[in-house]
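S.K.: Structure incoming, see below.
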Amino acid sequence: MPPGDTRKIPRDAPSGDEGPSLPSVADLLAAAVAGIGGTARSGQDAMAEAVGHAIGTGEHLAVQAGTGTGKSLAYLVPAVAHAIGRGSSVVVATATIALQRQLIDRDLPRLTPALAPLLGREPTFAILKGRRNYLCLHRLRTGPPDEPGETLFDPAAVSAVGRQVRRLAEWAADTATGDRDDLVPGVEDRAWRQVSVSARECLGAQRCPFGTQCFAERARDAAGRVDIVVTNHALLAIDALEEFGVLPDHDIVIIDEAHDLVNRVTSAASAELSAPVVEAAARRCGRVLTSDDAGPLRAAGEAAERVMADAPAGRIDDLPAALTSSLATVRDAAGTCVV
């Protein structure tokens, strides 16, 4: 069952708060293990019961499962039971792409048919990634903003990057998902950046002329109709920190590879500011504003570059006065460019 497949069986939410009576977690796990040709494991049994209890009571649970426990089944089985029993979605967040692929391409496709006879229907699932992982049709048609060293027609890069971008344009007409991982063989990051955008760069589905065809929006819509949504720590962090929702409505979150969560959340919640970034912003503003309007931002960036050159390397908990003043100048100059 491919990721993002919108042909999955639609979820039929039960009436009432408690939902239909379902087999126990132990019975479901036994059916799942038998269905995939596995053997019972005491650690897996204990973990599944603990996860089921935590979901049922609303308690937080941390599990350290050793190699060979079979932890994916141990949390997926009670998660599926809850999703079908309550007519809700469960989010499973991982740190690595490898584990996401394992869940979507191996574990869930084997698990769901094994549970279908006991649950009354086959559980549904989908993968949801950050917007940068999906081809942007608007960026493909209009081209990326000019960046130093990023131009498509750089003589040193046109033979490699140019061919890859042309291949991406052809792929865009055939792909059903626009997911970079579905492109085989893949392309260099330089080529992919020509046809993708971050969440901050996105125009928004309502404003974008390709909003109804947007691959990222389609993936999100598909995720809103399934029982299990597989995503990553970064998207989970963005959903929690931003004022707008990224993930579909859900009442349970399972975090796999939780030892990486802090670093992933920190990365998602942080932004990088450098003199080239300010210069690029000033250059873009210069296309739509007068030189008098865009000039202060360029000058603020040049001043910030000199100040940052003297700043200590690494994390700064207390900003020096000179750096604080310089960053405030950049902020104010950027504010005057907003139209």
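The values are calculated or read from the model by the stated rules, or taken from the named source; none is laboratory data. Owing to the predicted nature of the structure, the values given are computational and were not obtained by experimental measurement. Please note: Cβ atoms are built from the backbone with ideal geometry, for glycine as well, and neighbour counts cover all protein chains shown. What goes into the accessible areas is simple: the full protein's heavy atoms, side chains included, and nothing from ligands, DNA or RNA. Shrake-Rupley method; radii C 1.70, N 1.55, O 1.52, S 1.80 Å.
S.K.: Among the residues of the range 298-318, count how many are without any contact (Cβ under 8 Å) to a residue 12 or more places away in the chain and among the aliphatic types (A, V, I, L, M).
M.R.: 3
S.K.: Additional query: SER267 - would you say it is small (Gly, Ala, Ser) and within 29 Å of LEU236 (Cβ to Cβ)?
M.R.: yes
S.K.: Pull up the range 239-256, narrow it to residues that are open to solvent by 40 Å² or more (accessible area, probe 1.4 Å) and touching a residue at least 60 places away in the same chain (Cβ under 8 Å), then point me to the one that is nearest to ASP107 (Cα to Cα).
M.R.: Within the range 239-256, the match that is nearest to ASP107 (Cα to Cα) is ILE255.
S.K.: Okay, next question. Checking the condition closer than 25 Å to GLY120 by Cβ, touching an Asp or Glu at 6+ places or on another chain (Cβ under 7 Å) and either open to solvent by 70 Å² or more (accessible area, probe 1.4 Å) or modelled with pLDDT of 85 or more (or both), which residue from VAL33, VAL25, VAL51 passes?
M.R.: Matching residue, one of VAL33, VAL25, VAL51: VAL25.
S.K.: How about the range 56-77: which of its residues are part of a helix (DSSP H, G or I) and either open to solvent by 30 Å² or more (accessible area, probe 1.4 Å) or out of contact with any helix residue (DSSP H, G or I) (no Cβ under 8 Å at 6 or more places or on another chain) (or both)?
M.R.: Listed by number, the residues that qualify are GLY56, THR57, LYS71.
S.K.: Here's another thing I want to ask about it. Would you confirm whether or not the range 248-259 contains a residue that is small (Gly, Ala, Ser) and closer than 28 Å to ARG141 by Cβ?
M.R.: No, the conditions are met nowhere in the range 248-259.
S.K.: In the range 260-297, what count of residues is obtained for those that are of a type outside the set (A, V, I, L, M), over 20 Å from LYS129 (Cβ atoms), open to solvent by 70 Å² or more (accessible area, probe 1.4 Å) and without any contact (Cβ under 8 Å) to a residue 40 or more places away in the chain?
M.R.: Of the residues in the range 260-297, 5 are of a type outside the set (A, V, I, L, M), over 20 Å from LYS129 (Cβ atoms), open to solvent by 70 Å² or more (accessible area, probe 1.4 Å) and without any contact (Cβ under 8 Å) to a residue 40 or more places away in the chain.
S.K.: What number of residues within the range 298-327 satisfy the criterion of being open to solvent by 30 Å² or more (accessible area, probe 1.4 Å) and assigned to a helix (DSSP H, G or I)?
M.R.: Adding up the residues that qualify gives 14.
S.K.: Quick one: would you say PRO109 is touching a strand residue (DSSP E or B) at 6+ places or on another chain (Cβ under 9 Å), open to solvent by 20 Å² or more (accessible area, probe 1.4 Å) and at pLDDT 90 or above?
M.R.: yes
S.K.: List every residue pair whose Cβ atoms sit under 7 Å apart, with the two residues 6 or more apart in sequence or on different chains, where the first one lies in the range 118-136 and is within 20 Å of ILE84 (Cα to Cα) and the second, anywhere, is of a type in the set (Val, Ile, Thr) and modelled with pLDDT under 90.
M.R.: Going by the 7 Å Cβ cut-off, the qualifying pairs are ARG121/ILE9; GLU122/ILE9; THR124/ILE9.
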